[in-house]
Amino acid sequence: MSHRWAAPTALADALGVLATDPGARPVAGGTDLVVGSRQGRRPLPDSIVAIDRIPELAGQRADPDGSLVLGALTSHAWLASADAVVSSWTALADAAAIVGSPATRGTGTLGGNIMNASPAAETVGPLIVAGAVATLVSSTAKRQLAVAEVATGPGRTAATAGELLLTEVRVPAPPEGSGSAYVRLEYRAAMEIAVVGATAFVALDGSAGGDGSAARATIREARIALTAVAPTIIRATAAEERLAGRSPDAAAFAAAGQAAAAAASPISDVRASAEYRRAMIEVVVARALSAAARRAAGEDVPVPASRWAHGQEV
Amino acid sequence: MTATIERPFPRADGPAKATGQADYTGDLTAPGMAHGRFLVAGRAHARIRRLDVTAARTRPGVFAVITAADVPDRLYASSGFVADRPLFARNVVRYEGEVVAAVAAATPEAADAALRAIEIEYEDLPLVLDVERALQPGSPLVHENWAGYEKDGEIVAEGNMAARSTIVKGDATAALGAADVVVRERYVADMIHPVPIEPHAILAEWSGDRVTIHSSSQVPFAARTMVAETLEIPQHRVRVVVSHLGGGFGGKCDFHYEAHVAALARAARRPVRVVFTRREEFTMPDKVGHGMVVDLETGLSSDGRIVARRGRILLDCGAYAADSPVLGQIACMEAVGPYRIPHVDLDARLVYTNRVPSGSVRAPTGPQTCWAVEGHTDELAARVGLDPVEFRRRNLVTAGDEGPTRQLFEPNGALRALDEAARRIGWGSPLPAGESIGIAAGWWFSMPSASGAFVRIDADGRGRIVTGAQENGTGAVMALAMLAGDELGMAPEDFAIVYQDTDAGPYDTGSAGSQTTFNAGRAVVEAAREVRTKVIAAAAEMLEAAHADLELRDGAISVVGSPDRRVTIGAVATQVQDDGGLLLGAGSGTAPTKPEHDASACVGRLGFEAFASPTFFCQAARVKVDRATGVVRVLEVAAVNDIGRVLNPRGAAGQITGGVVQAIGTALTEGTVYGADGRQRNAALLDYKLPTAADAPTIDVGFIEAPAANGGPYGAKGVGEPPIVPTAGAIGNAIAAATGARVRRLPMTPERVWRAMREGSDGAADPGGPLAPAAASAGEPASGGAVPVGASAGNRR
């Protein structure tokens, strides 16, 4: 058994290794690959390409059209605290802020979280409801793919052989009067993994209530993504459709939660029974919608919304 | 006295641990060291049809592969109760983590490859996983030839019942029949793991016919004894040394793998080190907290006084008995609780199953039993319309009351701890929406046992303490310097401590049973007093003063009233040395005696028929229950303890704070999940959920000092275990107060709380009829030999 290791400092070099060494796997933070190996889920690949020193993958920028472009190496810690993310793509900050431990958040990257294709990936629901698009490259080509299309199953992606690197993610500017939130069911207050999670995006029409509430507004558009209830993170389209044109109130959110739960196919495992998971989908969806609508109306719901959501009456 | 004790002081081992310089056993290496790995069964119950290590032995880099064929063919009793266990499986494996073979190789990878090259064929045997079914006639047996095992003469065993103990006083049957109110409930607790952050690690190195074993042990002397016994070598050729220990919580009590690694090192003819993985830490060591079934039936008078209690307790022993046989008796005592109950009839059965062996994890059986008893106590209070605090006030023991076997209680802090915990948590005050409060009281024992110490003062005026005591991280051994300093008028920092080396220190039970300060403290005080006598004699001559006029203070000896007439302790030590003597002292002290009691009606009397120097405590928890999800956050815990005289307030408060946090895990998120195949499904820290720092509530620690007349040094009692006992009970009662639903499964996970809210309880079966009386004479199991509880009669509500 031979082990191979490369640590290129240019994107072209990394792509070259990946093209010539079919078994090679890129690693940035290593928080999935290395931890998975230690837990015996799968051995470390024989060939590893460290991509953490590639400048083309690093950094973030705001584009003139208002979209945010995030390099693959963007850390969860950055996402959780960057003003732009917290103010405009708040669900993404909610999600990034509760990934693993401070060490995980400092080391683990956005690109890794997406390409690991876990149905429990925290940042992916927020990216999906934001309409984010990933850029995948190989040594010969480059293409855009909606983040929603990247994962095709647990640990499986739409990337073709040789097309193993995600370089950046473009998150479009959110419309006026919108807000988003990610709420995860948490058994303990830190170091958790999603048992179920929900991301909500809510755009409101009409003025917010005088007290900052969304009481007099109507929902122009809602988007919901469900985490850890299916082989990939899924949109709850039936629930979304029920919300359009409705007043953003507890009854609407509860009904959307029920519709979302009906569409999910949760499993029973060591973390929860399917029955409990299904019931909790209702709860996290309603709470995520509530937090997103409050944010859309200009109300302050602190990041991470999961902490705010504990015991919250929708 | 009192110059030094009761004052905070910096621990001698603190800086090395805080800066990362402290060496733990897994950090140690030796020249030429090989890496050891174990092959474990990976299945819960099977017969070994074929085992062939020939191919593994010939792999590159492999120095040795050993199995049962390479060690003496004998069964051992790790704690002296039942000789039921071989070092390596012989013919049968009885739990998934049972060791079948061990490999020593040049690298961990080579060792792993050798493990994979071992050829083994199993024939699966029927699993024994349910403690009730295990006791029924015709159940498959975990130990086919249990009757032939050597065991302690007091042990009552039959079939899968590894041991049985009862605590009986008065006539519970008659008293329950005459009671105004009788409440029956069943509580069920899952197995819990101690989860020390440092995993087990052992490095064994032979020199001629002597072996030095560095081990992450809480009990190095017990380990030495068992290495000698299982490998059939004299004890004096075995030295067990412990580096800094990264926590134990009982998981490193008892004898574990020291003999395996010693045998492996002998076969490999070089030092061998084994460091456990986290998965191994969960599935292999024979020390987990028992899964328990607790049936309670209590009779009350209409004014809310407890008149009688019957209890039937099942403890999941796992595959081997280890020190569990004694723990059923503790569970019975805990099931009575710190209450005045004239008639008691408690019966605990320890049941073999094909699970990882249970044992004395921090306060063994305490958290589970107290959780059941205190939930039950709140239900009792509700039945007679009393406030939970008032109900406890009417029933807690006070001085002069009789215990479960008629031990007479000295003045104690049980009642004051209750009132103080209630006051600190704001019992009865309005709470923010969604918050609730629960309270729980409990008791625990101190454990008299042998311990010894040497104390010396060198000519430079510095002291040295040599002790056999084991520092598991609590600071108890570090605090021995405080006791010696107090006797000798010196600061704790003036002493170095030599500890956890069986070649250096005198015998000690180890870090177990909350006993270190209680016993090693007493030994150090006695040794220091011997030195003190010598210091005073020499100083009296140097100062030309009477012995009685001298005081020892701030590192010097002076004449009372004439501070100028003074010599430093270093000057005294130098003078003594110049005169051909030395300032040496040795002590073991006199162990406190157990209170008088009457256990004549009890069977399985293994040493806990009465509690020596009992501690009393009460905790109140304020929680917020998320009613939609069942997730419980603990916001505040008031923990008030009578641990006798508090010698080291910082250390004692640390024990209580840590205990509360650990117990929050027991209450809410920890608990072993097994598959139908008898294998653990959450043997990793992601799914065996310890509390994190973010889960730690505000913890308000209080002490009620009721010095024990017959206790440890200066009236101290034990503090290591008590703090973990009542927390789950307080949280359970807070959950019930918030939701109106009683969760009778531990841990009270979000899903269980959610179910309880929907269904009125969590669905744990209550006993269907009155509990059957226990047979009072030795040896006879109660009617039918099976557990005398009905299968299920739905919910009580």
Being within 30 Å of B:Ala709 (Cβ to Cβ) and either more than 10 Å from every other protein chain (Cβ to nearest Cβ) or open to solvent by 10 Å² or more (accessible area, probe 1.4 Å) (or both): is that true of B:Val634 here? no
Taking the condition of being in contact with a Ser or Thr (Cβ under 6 Å, 6 or more places away or on another chain) and within 26 Å of A:Val86 (Cβ to Cβ), how many residues in the stretch A:121-143 meet it? 4
Name the pairs: first residue in the stretch B:304-316 and assigned by TED's automatic domain parsing to the domain that holds B:Asp180 and over 14 Å from B:Leu350 (Cα atoms), second residue aliphatic (A, V, I, L, M) and open to solvent by 10 Å² or more (accessible area, probe 1.4 Å), Cβ to Cβ under 7 Å, at least 6 apart or on different chains? B:Gly304/B:Val384; B:Gly304/B:Leu386; B:Val307/B:Ala175; B:Val307/B:Ala179; B:Ala308/B:Ala175; B:Ala308/B:Leu176; B:Ala308/B:Ala179; B:Arg310/B:Leu176
Of the conditions (1) open to solvent by 10 Å² or more (accessible area, probe 1.4 Å); (2) assigned to a strand (DSSP E or B); (3) small (Gly, Ala, Ser), the single one that B:Gly442 does not satisfy is (1)
Is it true that some residue in the stretch A:138-148 is open to solvent by 20 Å² or more (accessible area, probe 1.4 Å), assigned by TED's automatic domain parsing to the domain that holds A:Val69, in contact with a helix residue (DSSP H, G or I) (Cβ under 7 Å, 6 or more places away or on another chain) and at pLDDT 95 or above? yes
Is there any pair linking a residue in the stretch B:198-223 that is under 16 Å from B:Arg237 (Cβ atoms) to one that is among the aromatic types (Phe, Trp, Tyr), with Cβ under 7 Å and at least six apart or on different chains, and which? B:Phe221/B:Tyr507; B:Ala223/B:Phe255
Extreme residue, nearest to the other protein chains (Cβ to nearest Cβ), among residues of the stretch B:702-712 that are more than 21 Å from the chain's Cα centre (by Cα) and open to solvent by less than 50 Å² (accessible area, probe 1.4 Å): B:Gly702
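Within the stretch A:20-122, considering only helices (runs of 4 or more DSSP H) that don't extend past its boundaries, which have at least 2 residues that are over 25 Å from A:Thr227 (Cα atoms) and touching a Cys at 6+ places or on another chain (Cβ under 7 Å)? Write out each step before concluding.
Details: elements: A:33-38, A:76-81, A:83-88, A:90-96, A:102-107, A:110-115.
Because the criterion is at least 2 residues that are over 25 Å from A:Thr227 (Cα atoms) and touching a Cys at 6+ places or on another chain (Cβ under 7 Å), no helices (runs of 4 or more DSSP H) in the stretch A:20-122 meet it.
Taking B:Val326, is it open to solvent by less than 10 Å² (accessible area, probe 1.4 Å) and among the β-branched types (Val, Ile, Thr)?
So B:Val326 fails the test.
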Can you find a residue in the stretch B:645-655 that is assigned to a loop (DSSP other than H, G, I, E, B), open to solvent by 30 Å² or more (accessible area, probe 1.4 Å) and within 9 Å of another protein chain (Cβ to nearest Cβ)? no
When you go through B:Asp419, B:Asp458 one by one, which is the residue that is touching a residue at least 12 places away in the same chain (Cβ under 8 Å), out of contact with any His (no Cβ under 9 Å at 6 or more places or on another chain), open to solvent by 10 Å² or more (accessible area, probe 1.4 Å) and not assigned by TED's automatic domain parsing to the domain that holds B:Gly729? B:Asp458
State yes or no: is B:Glu109 in the same structural domain as B:Thr230 (by TED's automatic domain parsing), touching a Gly at 6+ places or on another chain (Cβ under 9 Å), free of Cβ contacts under 8 Å to residues at least 40 places away in the same chain and open to solvent by 10 Å² or more (accessible area, probe 1.4 Å)? yes
If the Cβ limit is 7 Å and pairs must be 6+ apart or interchain, which residue in the stretch A:19-40 that is more than 14 Å from chain B (Cβ to nearest Cβ) pairs with which residue that is loosely packed, with under 15 Cβ neighbours inside 10 Å? A:Asp21/A:Arg4; A:Pro22/A:Ala161; A:Gly23/A:Asp46
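Taking the stretch B:567-580 as the region of interest, how many residues are in a helix (DSSP H, G or I) and not hydrophobic (A, V, I, L, M, F, W, C)?
Initially, the stretch B:567-580 is screened for residues in a helix (DSSP H, G or I), giving B:569-578.
From the residues that got through so far, the ones that are not hydrophobic (A, V, I, L, M, F, W, C) too are B:570, B:574-575, B:577-578.
The total comes to 5.
The values are calculated or read from the model by the stated rules, or taken from the named source; none is laboratory data. Not measured: the values here are computed from a predicted model. Neighbour counts run over all protein chains shown; Cβ positions are idealised from the backbone, glycine included. SASA here: full protein model, heavy atoms, side chains in, ligands and nucleic acids out. Shrake-Rupley method; radii C 1.70, N 1.55, O 1.52, S 1.80 Å.
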